[in-house]
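Trainee: Just dropping this structure here.
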């Protein structure tokens, strides 16, 4: 159930099939391994070895997981405004979203690092493509371009937003030096 809730729609079936294949493969390999151990010794000894190795592996995994950087807050975000359109775009048409940032050139490297994280997040949420463009005429101007499958899929991204996504958005916005917030524009792709 957790795997189904975490995976985005566009990859859910593929992810669940990989998950099930791993479970089935591990079950088959475990049965073969512990069957061999039981045939070499006894069932009681093989169960004892399995219990001991399970505890040792669990302790090792807890040690490795404890040293990982802070976990993301994956609880649903509540403070997010869904966009509105004067007319609902026609179904089946792709949607392009552009976000225009003005960044201090001295902090451009830091901004690009944060945008790499944004790329991963946007694609995980179901975007078809993501780009960061840099204006060659104005070194302060960057444009983030996101391609969504449709207007409905674009709105679903807002439903899937987590508090970690909002923290990442705040980090992106902290680099913006314009007087007004970044300009967000949405286009419908009519001819491809």
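Trainee: How many residues, within the range 7-51, are assigned to a helix (DSSP H, G or I), within 30 Å of residue 150 (Cβ to Cβ) and without any contact (Cβ under 8 Å) to a residue 12 or more places away in the chain?
Mentor: 7
Trainee: Same structure again: Give, as residue ranges, the strands (runs of 3 or more DSSP E) completely inside the range 74-192 that count at least 2 residues that are surrounded by 15 or more Cβ atoms within 10 Å (Cβ to Cβ). Step through it out loud before you land on a result.
Mentor: Numbers: elements: 95-102, 129-134, 141-148, 183-188.
Correct list: 95-102, 129-134, 141-148.
A short reminder: the numbers here are calculations on the coordinates, not readings from a lab. Every value quoted in this text rests on a predicted model; they were computed, and no experiment measured them. Glycine also receives a Cβ, built like all others from the backbone with ideal geometry; neighbour counts cover every protein chain displayed.
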